[in-house]
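Participant: There's a structure below that I have some questions on.
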Amino acid sequence: MVSVSAEQRFNDYDPFAWLYTQYWGEEFHQEAIPALDRLILRLLPRRAEVLDLCCGDGRIAQTLSKRGYRVTGLDGSERMLTFAKRRAPKVEFFLADARRFKLPRRFHAVISTFDSLNHIMNTADLKKVFRNVAASLKPGGLFAFDLNREPAYAGLWSRTTTIVDKTAVSVARGSYDRVRKTAVCNVTLLRLDGDRWERSDFRLRQKFHARADVLRALTQTGFAPQVFDAARDLAMQGDIGSERDFYLGKLTGPRPSGSGHQLTEPTQGDTMPRAGPARNPPARSTSDRLGRVTSHTTQ
């Protein structure tokens with residue numbers, strides 16, 4: 001069992017787990033699976049071993065497991081993994097920090113979605129994640145993940161979003177520091193427990209990582225990387241696809257700094273275009289996407 005103490009792992013999502021599972025996760029999942037099909041899943045052998053890094057409540061792990069992939073999930077939030085294990089009981093889940101885990105070199109691919117790695121707050125720690133991923137991949141293995149671009153924080157992240165339901169009320173207030181390149185989302189949750197309303201307040205933080213820094217870190221840790229625009233190249237719609245990059249790296253072995261090169265795909269097929277300047281798709285309404293839930297967003 002791979003696990004570390006709460007003090008050593010990223011556990012900011014413990015207080016957020018219930019809210020995420022009930023109201024936040026499904027919309028991204030609906031867009032992420034087709035994007036992963038286009039980006040990486042089409043390149044994998046049948047019954048490939050896949051590590052879902054920062055797997056959250058297990059939605060993607062569940063889908064891949066049902067397709068016949070041999071999936072392992074890893075997350076730093078114990079409460080998130082509680083939901084994941086209920087959702088995907090056939091998947092093996094580990095409680096560990098992405099910066100500190102160690103698994104056998106058995107995976108054909110590692111994926112990490114929903115800007116999970118934006119929670120890594122500096123480039124040095126991001127490289128630790130990349131090294132751990134490289135150490136768990138078979139030779140020639142693939143690594144796919146997404147990151148928010150800076151306009152996502154200046155625009156989308158900085159909104160105030162509310163959810164009002166019969167059993168829950170939440171307010172998420174975001175802000176972005178352009179100097180430190182860090183984003184903060186302060187969340188207040190009121191949840192009905194029996195005949196009483198329970199209040200919790202928590203904070204989520206993210207870091208904008210410049211594309212050049214990410215590509216350099218990938219190259220230095222043994223990957224040949226490519227970048228794809230989530231909306232234009234992978235057809236992710238609405239706010240989910242806006243100002244989001246997907247990275248795809250093939251493990252080639254350590255290379256000197258600054259010696260990056262293009263990914264050579266391991267299977268035949270058309271090569272997807274490289275990402276260029278972002279193009280914002282038309283906004284998609286998220287109101288009432290869960291039936292009784294009403295969502296309101298303000299700038």
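Taken together, the values in this text are just the output of simple stated rules run on the coordinates, not laboratory data. Because the structure is predicted, anything quoted here is derived from the model rather than measured. FYI the Cβ positions are ideal-geometry reconstructions off the backbone, even for glycines, and counts take in every protein chain you see.
Participant: Please state the shape class of region 10-133: rounded when a/c is under 1.5, otherwise prolate if a/b exceeds b/c and oblate if not, all from the C-alpha gyration tensor.
Facilitator: rounded
Participant: Going by how many other beta carbons lie within 10 Å of each one, how would you line up HIS29, HIS108, fewest first?
Facilitator: HIS29, HIS108
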